[in-house]
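> Structure provided below as structure tokens; questions to follow.
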Amino acid sequence: MADLAPHELRILVAVESEAGFTAAAALGLTQSAVSHSVRSSEAKLGAVLFERSRRGARPTAAGTRTVAHARRILRLLDVMAAEARGAESGTVAGPLRIAAFRSAALHLLPSALERLTARHPALRPEVRVVRELGRGAAGEVADGRADLGIATIGTSSPIPPELVGGVLIEEPYALVHRTGHPDPRSLPLVDWAENCTSYTRRWWAEQDWLPRATVEAEDDGVVLSMVERGLGMAIMPALSLTGAPDGIEITDLGPERPTRSVGYVTTPEQARTAAVRALIRELRSLAVSDSRKSE
């Protein structure tokens, strides 16, 4: 089996991204050249990578896995050049791609990135906010779209076997409601799809006072806005409650309260790069600092 060259990998990624051979224009190639390259790659790998139709080209299961590897390989080639230059100059430079769910991007990443870029001014963080549903931030890393992800991890959503990572914080859930409400537990429940119900499911089932959610919001920010206006109560994790408005009252759920683990995930290869190592150090440092403040 012959190896695929970098230009062949770029063509596979482009065809998957554009869902067809119209990716040729972005690559400065003809459609026939792109089609020929894909057929050559399929012959080298011994697998059909795309299903062709009048509507374009969709990756097969083999194609999805191959494109994910292609993205990761191409990214490592970019990193290799940056690392080589950094070794000569003693600097950490270039783009650092990060995927994170909304509350982590809002309340966990900014401080870490502020410290990181102060130490390494030539580093350019690129943050993508992704919904922590399905494969979430970890999936972005596994598919080669991010160098590091901030994700919910634990027994109900373990780190994928092809990735490495660690827990940064263990955040408790709390009851939130409008300040001054005489009987907040009588309010309707407001929830959103990313509220990591797998972490709270057993606890939830044991609470006979908790109704089914009657209002489904788009994200935790919408939930807080609705709770502030007295439209319902919610069960929310600590990160989502950072900087909560004054009209919100946060009530501890006691020693049996549910928690969720928030951590980082990356590939074994990226875990060895200077930029990713530097970001992990800042994240861990902040997590330790926050833990000491809460004691």
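> Looking at Val38, is it under 27 Å from Val130 (Cα atoms) and of a type in the set (A, V, I, L, M)?
So Val38 fails the test.
> Considering region 17-40 alone, what residues qualify as being assigned to a helix (DSSP H, G or I) and either open to solvent by 50 Å² or more (accessible area, probe 1.4 Å) or of a type in the set (S, T, N, Q) (or both)?
Answer for region 17-40, where residues must be assigned to a helix (DSSP H, G or I) and either open to solvent by 50 Å² or more (accessible area, probe 1.4 Å) or of a type in the set (S, T, N, Q) (or both): Ser17, Glu18, Ala25, Ala26, Leu27, Gln31, Ser32, Ser35, His36, Ser37, Arg39, Ser40.
> Could you name every one of the strands (runs of 3 or more DSSP E) located completely within region 131-240 that has at least 2 residues being closer than 30 Å to Arg272 by Cβ and either open to solvent by less than 10 Å² (accessible area, probe 1.4 Å) or modelled with pLDDT under 85 (or both)?
148-153
> Got a sec? Which of Ala193, Ala244 is over 17 Å from the mean Cα position of the chain (by Cα) and of a type outside the set (Lys, Arg)? Even if it seems obvious, please write down each step before you answer.
Working: Ala193 fails: over 17 Å from the mean Cα position of the chain (by Cα).
Unique residue meeting the criteria: Ala244.
> Yes or no: Glu126 assigned to a loop (DSSP other than H, G, I, E, B), open to solvent by 70 Å² or more (accessible area, probe 1.4 Å), under 27 Å from His7 (Cβ atoms) and in contact (Cβ under 8 Å) with a residue 12 or more places away in the chain?
On the way: assigned to a loop (DSSP other than H, G, I, E, B): no; open to solvent by 70 Å² or more (accessible area, probe 1.4 Å): yes; under 27 Å from His7 (Cβ atoms): yes; in contact (Cβ under 8 Å) with a residue 12 or more places away in the chain: yes.
Considered against the rule, which asks whether it is assigned to a loop (DSSP other than H, G, I, E, B), open to solvent by 70 Å² or more (accessible area, probe 1.4 Å), under 27 Å from His7 (Cβ atoms) and in contact (Cβ under 8 Å) with a residue 12 or more places away in the chain, Glu126 comes out as no.
> Consider Gly86 against the criteria (1) small (Gly, Ala, Ser); (2) closer than 30 Å to Leu168 by Cβ; (3) modelled with pLDDT of 85 or more: it satisfies all of them except one. Which criterion is unmet?
(3)
> Take the residues of region 241-261 that are part of a strand (DSSP E or B) and aliphatic (A, V, I, L, M): which is least open to solvent (accessible area, probe 1.4 Å)?
Per the criteria, the residue is Ile248.
So that you can scan it fast, the table gives a plain yes or no per residue for (1) surrounded by 20 or more Cβ atoms within 10 Å (Cβ to Cβ); (2) modelled with pLDDT under 95:
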{"site": "Gly56", "(1), (2)": "no, yes"}
{"site": "Leu76", "(1), (2)": "no, yes"}
{"site": "Val92", "(1), (2)": "yes, yes"}
{"site": "Ala99", "(1), (2)": "yes, no"}
{"site": "His107", "(1), (2)": "no, yes"}
{"site": "Leu116", "(1), (2)": "yes, no"}
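> Which condition breaks for Ala43 when tested against (1) open to solvent by 40 Å² or more (accessible area, probe 1.4 Å); (2) in contact (Cβ under 8 Å) with a residue 24 or more places away in the chain; (3) farther than 30 Å from Arg284 by Cα?
Against the list (1) open to solvent by 40 Å² or more (accessible area, probe 1.4 Å); (2) in contact (Cβ under 8 Å) with a residue 24 or more places away in the chain; (3) farther than 30 Å from Arg284 by Cα, Ala43 comes up short only on (2).
The values are calculated or read from the model by the stated rules, or taken from the named source; none is laboratory data. Because the structure is a prediction, the values reported are computed rather than measured. When we count neighbours, we look across all protein chains shown, and the Cβ atoms used for this are built from the backbone with ideal geometry, even at glycine. With ligands, DNA and RNA removed, areas are computed over all heavy atoms of the protein, side chains included. Shrake-Rupley method; radii C 1.70, N 1.55, O 1.52, S 1.80 Å.
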